[in-house]
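The values are calculated or read from the model by the stated rules, or taken from the named source; none is laboratory data. What you see is a predicted model; the values in this text were computed from it and never measured. Here the Cβ is made from the backbone with ideal geometry for all residues, glycine too, and neighbour counts use every protein chain on show. Areas reflect the complete protein model, heavy atoms only, side chains present, ligands, DNA and RNA absent. Shrake-Rupley method; radii C 1.70, N 1.55, O 1.52, S 1.80 Å.
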Amino acid sequence: MDSRSVSLKKLKFGKLKVVRRRLLQRYEHQPFISCLAGFYSCRWKRYQWRRTEPGQCCCKMWECIFFLFLTGAFCLSLVFLYMWGEAKNDYNNFDWYNYRNLGHWFLWSVFLLIVAAVLFTYVMLLLVLAVCLLSESQQLYLHWCHKIGILFVLVFSLAVITVFSELWSVRWKAVYLSFQVKAPYLHIGAIAAMVLLSWPVALHAVRVNRKVVQAIIIGPYLAVLALLFLVPLGLYSPCIREPGTLGPKPALFGHRGAPMLVPENTEMSFQKTIEHGGDGLETDVAISYDGIPFLMHDNNLQRTTNIKEVFPSKATQDPAMFSWDALEKLNAGKWFLKDKPFSCMGSLSSADQNLAKNQSIYKLSSFLRLAESAKKLVIFDLYRPPEKHPYRDNWIKTILDVIRDSGIKPQLVLWLHNSMRSFVQSVIPGFQHTAGFKAPVDDLQKDNIVKLNLAYSAMSSEDIRKYAQANITTNLYVISEPWLFSLAWCTGAHSVTTNAVHILKDINQPLFLMTPKEYGLMWLLTDAVAALLISLIFALHWWRERGLACCADDSGVVLESGTYNKFRTELNDLPTVVA
């Protein structure tokens, strides 16, 4: 009886060791690994797989090199995607630039965004597959077509980033500004990525036998993690501020009216701005050959009129070289319904479509009377007529005569043009004189400047505060994205020129606004949770590896993982032992 009882105890003890070993061992999920290896290497059969043993390199030298290329392509494509995604505020400018060079309208900005998203998704999926294969202790064999794809993404992203850095470097300013409002949330995303990355890092660090290799694996990871933990110490955001310190919402100037809703620089466009609660109207003024000031932005009439149909031989001619009678014959609305110049335009009602397709070029005098009747501020860029134009030398006087005859109150006019200010002030006192550049406060006050009109890339809370102390307000242009408008609000801007009055008017509080206390709590909580999860992941891998090693070295009954059912059957067949 005693011998049978001892045998039974040994058998039960062996069964417990089997259970422990089965809990610790790494299962080989054949369908899962088949998918990973198939998509990454195009190796779908099991005999094509190669496992890495502890201490071995994850792949051959060329595969290591292409893994580095894959990581580089991921980083560059991410930079490209983020940069171009944050440039959405200026997509219309980019498309207009291409229109001038190519001669036809196309949403190249959206196309480029889709390309950037597709390329990033492609390399991101390959990188995820590689990390999963490494986590399953599989060697990496990247298929040749993926190698070509990675090199293409790498070269394309590098080329595009270089081109934009040379030709459109202001986009990097937009990226910098986006960090000021989105950095706290990007920080959380980066910490989450490091938590996910800790799984393969811990696995390979624990499995290698040499301390030097472990240090090479863990050292850079911990260095990056520590840097991310401490990044908030140097982070600055105008939207992280104490309660009660936020200034009033910036006033909204419709950029050429409401160009995302209806044709720009038309009567309908400015009426829509007024309907949506815009505080001011912005436009561009040229002078016809017979001395009639009218609204036009481009240096020809191809984009916003049907000039090719009416005067095909004069399609590239400067608008100022046409008489007003000729300009009145042009349609200034059909192009809008045809080209759809903005990616997020929305749809027009049938009545608005009929009205839009019948718009014509708008006179400055009519524009000013509309602003006066609605009590709206106006600001405009003035284009000096080209050479051989009869009004080239007295164009400022012509503009002033129209302003005076329109009956608009002088205080509603923000005079932007910088030349002949003394003459303008003597002819019509009362304008709000505006400068389009930064300058010392004393110089601005000498010219009676009361407002600055600056590109949003020049946004600076310090400068805005400095000028405000001298009673000089700041208008920023062109701001259409809610996040950028929120930043301008937090920075202290007094007004913005926008394509999207209908969107920004509904923002009652800046996005991403939080108090320092709230941000500190979010930062500490994120770091604490991440540190805890990463520690648990490293501890789990250490426990599993040491546990497997202990099971392999145990004396006594050693059971293979495949014999569990056999032991269960034998255990069930044993007679019951009564103490």
| task | Roll a 1.4 Å probe over the protein heavy atoms and report the accessible area of Met459 in Å², nearest 10. | result | 20 Å²
| task | Can you pull a Stokes-Einstein diffusion coefficient for region 220-311 at 20 °C (1.002 mPa s), Rh from Kirkwood over Cα pairs, as a whole number of µm²/s? | result | 120 µm²/s
| For region 311-354, the Rg and Dmax computed from alpha carbons only, in angstrom | 14.0, 36
| query | Taking R0 as 41 Å, what's the FRET efficiency between Ser457 and Ser34 from their Cβ-Cβ distance, rounded to 0.05? | reply | 0.20
| field | Charge dipole magnitude, Cβ of K and R +1, D and E -1 - the chain, Cα centre, debye nearest 20 | value | 2420 debye
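What is the chain's relative contact order, in percent, from Cα pairs under 8 angstrom and six or more apart in sequence?
Numbers: 797 pairs, mean separation 100.8, N = 579.
After rounding, I find 17 percent.
Determine the per residue accessible area of region 172-291 with all protein chains present and a 1.4 angstrom probe, expressed in square angstrom. Walk me through the numbers before you get to the answer.
On the way: 5050 Å² over 120 residues.
About 42 Å² of surface per residue is accessible.
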| request: Would you mind telling me the share, in percent, of accessible area of the chain contributed by carbon and sulfur at probe 1.4 angstrom? | output: 61 percent
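Tell me, what is the percent relative contact order of region 393-500, built from C-alpha pairs under 8 Å that lie six or more residues apart? Walk me through the numbers before you get to the answer.
On the way: 136 pairs, mean separation 19.5, N = 108.
Answer for region 393-500 is 18 percent.
Just need the Rg to Rh number for region 166-216, please, alpha carbons only, Kirkwood Rh.
Working: Rg = 18.2 Å, Rh = 14.0 Å.
Across region 166-216, the Cα-based Rg/Rh ratio is 1.30.
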| Roughly what angle does helix 108-135 make with the longest principal axis of the chain, taking Cα atoms, 0 to 90 degrees, to the nearest 10? | 10 degrees
| Karplus-derived HN-Hα couplings along region 312-324 (A = 6.51, B = -1.76, C = 1.60, θ = phi - 60°), whole Hz, x at Gly and Pro | x, 6, 10, 5, 9, 6, 4, x, 5, 8, 9, 6, 5
| query | So, in nm, how far is label Ala539 from label Leu222 when the simple model puts each one 7 Å beyond its Cα toward the Cβ? | reply | 1.7 nm
| Distance between region 109-149 and region 409-472 - C-alpha centres, whole angstrom | 52 Å
| said: Suppose only helical runs count, i.e. DSSP H with n ≥ 4. What mean residue ellipticity at 222 nm does that imply for the chain under -39500 (n - 2.57) per run, divided by all residues and rounded to the nearest 500 deg cm²/dmol? | reply: -18000 deg cm²/dmol
| Coordinate range along principal axes, alpha carbons of region 285-362, Å, largest first | 37, 21, 20
| remark: Here, Arg241 and Gln214, labelled 7 Å along Cα→Cβ, have an inter-label distance in nm of 5.1 nm
| Residues in region 471-515 reached by a label modelled at Gln445 [backbone nitrogen below 20 Å; 7 Å Cα→Cβ] | 471-475
| message | From the mean inverse distance of alpha carbon pairs (Kirkwood) and the Cα radius of gyration, derive Rg over Rh for region 309-459. | response | 1.01
| From phi via Karplus (6.51, -1.76, 1.60), per-residue ³J(HN,Hα) for region 426-438 in Hz, x at Gly/Pro | 6, 7, 10, x, x, 4, 8, 6, 10, 10, x, 7, 7
| query | With point charges of +1 on the Cβ of Lys and Arg and -1 on the Cβ of Asp and Glu, referenced to the Cα centre of region 296-415, which listed residue (Pro319, Leu377, Gly346) lies farthest in the positive direction of the dipole? | reply | Gly346
| task | Determine, for each peptide in 125-137, 511-523, the mean count of other beta carbons within 10 angstrom over its residues, then list the peptides with the highest first. | result | 125-137, 511-523
| task | Would you mind computing Rg(Cα) / (2.2 N^0.38 Å) for region 198-267, counting N as its residues? | result | 2.36
| Any idea how far apart Thr71 and Asn93 come out in nm if each label point goes 7 Å out from Cα toward Cβ? | 3.6 nm
| Dipole-positive endmost among Pro429, Ile403, Ala205 within the chain (Cβ charges, Cα centre) | Ala205
| task | Counting only heavy atoms of the protein chains, get the accessible area per residue of region 418-507 (1.4 Å probe) and round it to a whole Å² value. | result | 39 Å²
| Residue separation times 0.36 nm, minus the C-alpha to C-alpha distance between Lys505 and Asp393: what's the value? | 36.2 nm
| task | Quick one: check the C-alpha center-to-center distance for region 315-359 versus region 257-303, whole angstrom. | result | 11 Å
| R0 of 56 Å, Cβ-Cβ distance Asp401-Ile148: FRET efficiency to nearest 0.05 | 0.25
| With no solvent and one point on each alpha carbon, what is the Debye value of log10 I(q)/I(0) for region 369-422 at q = 0.13, 0.16, 0.21, 0.23 Å⁻¹? | -0.36, -0.54, -0.85, -0.97
| query | Using a Förster distance of 25 Å, how high is the FRET efficiency between Gln271 and Ala251, based on the Cβ-Cβ distance and rounded to 0.05? | reply | 0.85
| request: Return the Rg/Rh value of the chain, two decimal places, where both radii are evaluated on C-alpha atoms and Rh is the Kirkwood radius. | output: 1.17
| field | Rg followed by Dmax, in Å, when region 68-220 is reduced to its Cα trace | value | 19.0, 65
| request: Among the listed pairs Lys272/Lys451; Lys88/Lys182; Lys249/Lys466, give every one whose C-alpha distance is greater than 21 Å. | output: Lys272/Lys451
| field | Amide H contacts of Val208 (H built 1.01 Å from N, under 5 Å, at least 5 apart or other chain) | value | Gly55
| If one takes the longest principal axis of the Cα atoms in the chain, at what angle in degrees, from 0 to 90 and to the nearest 10, does the Cα axis of helix 170-207 lie? | 0 degrees
| query | Looking at Val224, Pro250, Leu416, which one has the Cα that reaches farthest to the positive end of the dipole of the chain (charges on Cβ: Lys, Arg +1; Asp, Glu -1)? | reply | Val224
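Which of rounded, prolate or oblate describes region 108-191 when judged by the alpha-carbon gyration tensor and an a/c cut-off of 1.5? Each step should come with its number before you reach the end.
Working: a/c = 2.82, a/b = 1.45, b/c = 1.95.
Cα axes put region 108-191 in the oblate bin.
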| said: What are the ³J(HN,Hα) couplings of region 260-271, residue after residue, when phi is run through the Karplus curve with 6.51, -1.76, 1.60 and θ = phi - 60°? Round to Hz, x for glycine and proline. | reply: 7, 10, 9, x, 5, 6, 10, 4, 4, 5, 6, 5
